[in-house]
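This report concerns only the one structure given below.
Please treat every number below as a calculation from the coordinates, not as lab data. Here the structure is a predicted model, which means the values were calculated and not measured. Cβ: placed from backbone, ideal geometry, glycine included. Neighbour counts: every protein chain shown.
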């Protein structure tokens, strides 16, 4: 009788372990079927930004001609045009923690923006919102909500003639 109980206990444990194998990991973390996961506690932390417009001159952004890819050339050219607004935006690649950046503008005063899709998409989003007449605070609220993830970057993939 003991042998049967032991086999039954092992079978129950094995079935439980097998059941856990089929629980999707994406249910609790990450994305599943293209849907965004709920933000974690660290995702809720808004990265560094300046709440007010800058007082005085801002640093120059890097020359767009230093980059080969048209998307990056356009991103850096756009950043140069909207520096005051970028100065007031957070960057969700969290370069404030890793690079000491104080706003999204810092990503484009260095090469950092050229290697970071988050920076580029937030830059393009900011530009599109500026063109719609949104304030820096309204744009920041959109960035915090993650609206920058909806930008269609393909339209920025062509070299734009200098004006």
TODO: Would you mind ranking 150, 61 by Cβ crowding within 10 Å, fewest neighbours first?
DONE: 150, 61
TODO: Take the Cα pairs of the range 64-156, get the Kirkwood Rh, then feed it into Stokes-Einstein at 37 °C and 0.692 mPa s and tell me D in µm²/s.
DONE: 256 µm²/s
Open item on the list: For the pair residue 52/residue 154, report the inter-label distance in nm, with labels modelled 7 Å from Cα in the Cβ direction.
Closed with: 4.4 nm
Task: For the range 114-163, radius of gyration divided by Kirkwood radius, i.e. Rg to Rh on alpha-carbons - done: 0.99
